[in-house]
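K.L.:
Right, I'll just put the structure down here and ask away after.
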């Protein structure tokens, strides 16, 4: 089936083409951004000069003039941004000055540079519009999918022309149930591209009139940020994690990870806080052979991680309960539990002796007589199942007593 494209999807390529054109215009008119430092010209005519004082204490002096460049007489405007007056020379009343003017301002016979000077702003605006149109199209598509999936009589094949519901997802839907949530890579990478687009062409003009190494570093950093951000966006645009009723499907670049909840053998949740920084790492194992790690590169990582831990542990719990009731010893990192008690190191503690078994400040805390055990949640797989088994065993012992 052919994929229908919404109005915003049709506009996105147009904005991208405008951005490319503006970028080429900016590169083509690069002389318009570079200053000619120390160039001396012979001026045959000068009109009244006008001096403008800037916020940083500097000044710019502009003088209408006529001068000679490579044997050709040119009329235009001389600019001196150093703060010195454009002065007369002793050579027949002609003028000698150090010109701090862009080619676009001193060679008015090249008006095409005006387009190049507007290029960075057109580039910035078109990139912003491209991101906006793409986001609006995705929003429209998700709304359309949601409306179709909410209809119990809807045929999934009716949505096959929707770009976000690929044939791959249609096949997975038959195996994993209906999609319930979707996550993509983090959006701030897009802001990095905006920073690069902004600083690369405007780095020189940021400190115009001040010849320092810093202005070159600003331009270089902007160019590097733009290239790095573009590469990252290109690599991450295909990142997508789709949660279904009965499993999860992940596409990251060329890697595909598909796991039904009945295939999950362990989920490890590691959330650490260092000062104002919160880091997440959720690892899911499929049949104890293949694993996948969700980290802070994913958008909505808090919600994603909670959903993963909840859905996977709910699916695993019946299997663990069956093994637990059958007397099988179950290992949770350094803890080994069975229906009679738990092993803490080399010491076995019956459930009746356990006085405290709960989470405390990111730790699994166990108290039993003289035994006090702390085990990090970040190192303990399937923590919700461990707590459920321990609470059930302790309640059973209490009822017997």
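K.L.:
Consider segment 311-335. How many of its residues are part of a helix (DSSP H, G or I) and either touching a strand residue (DSSP E or B) at 6+ places or on another chain (Cβ under 8 Å) or more than 24 Å from residue 398 (Cβ to Cβ) (or both)?
P.N.:
Filtering segment 311-335 down to residues part of a helix (DSSP H, G or I) leaves 311-325.
From what is left, the residues that are either touching a strand residue (DSSP E or B) at 6+ places or on another chain (Cβ under 8 Å) or more than 24 Å from residue 398 (Cβ to Cβ) (or both) are 311-316, 319-320, 323-324.
Adding up the residues that qualify gives 10.
K.L.:
Can you name every residue in segment 278-297 that is more than 16 Å from residue 266 (Cα to Cα) and in contact with a helix residue (DSSP H, G or I) (Cβ under 6 Å, 6 or more places away or on another chain)?
P.N.:
To start, the set of residues in segment 278-297 that are more than 16 Å from residue 266 (Cα to Cα) comprises 278-280, 295-297.
Result: 280, single match.
K.L.:
What single numbered condition from (1) over 20 Å from residue 359 (Cβ atoms); (2) surrounded by 13 or more Cβ atoms within 10 Å (Cβ to Cβ) fails to hold for residue 318?
P.N.:
All conditions pass for residue 318, except number (2).
K.L.:
Residues in segment 342-387 that are surrounded by 18 or more Cβ atoms within 10 Å (Cβ to Cβ), touching a helix residue (DSSP H, G or I) at 6+ places or on another chain (Cβ under 7 Å) and without any contact (Cβ under 8 Å) to a residue 40 or more places away in the chain: how many?
P.N.:
Going through segment 342-387 one residue at a time, the tally reaches 3.
K.L.:
Sticking with this structure for a sec: Looking at (1) touching a helix residue (DSSP H, G or I) at 6+ places or on another chain (Cβ under 8 Å); (2) under 22 Å from residue 181 (Cα atoms); (3) crowded, with 17+ Cβ neighbours inside 10 Å, find the lone condition where residue 304 falls short.
P.N.:
Checking residue 304 against (1) touching a helix residue (DSSP H, G or I) at 6+ places or on another chain (Cβ under 8 Å); (2) under 22 Å from residue 181 (Cα atoms); (3) crowded, with 17+ Cβ neighbours inside 10 Å, the one that fails is (1).
Per-residue answers, yes or no, for (1) touching a strand residue (DSSP E or B) at 6+ places or on another chain (Cβ under 7 Å); (2) farther than 30 Å from residue 246 by Cβ; (3) at pLDDT below 90; (4) not assigned by TED's automatic domain parsing to the domain that holds residue 259:
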position	(1), (2), (3), (4)
337	yes, no, no, yes
346	no, yes, yes, yes
352	no, yes, no, yes
357	yes, yes, no, yes
364	yes, no, no, yes
371	yes, yes, yes, yes
386	yes, no, no, yes
389	yes, no, no, yes
392	no, no, no, yes
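The values are calculated or read from the model by the stated rules, or taken from the named source; none is laboratory data. A quick note: this is a predicted structure, and the numbers were derived from the prediction, not measured. Positions of Cβ are backbone-derived with ideal geometry, glycine not excepted, and every protein chain shown enters the neighbour counts.
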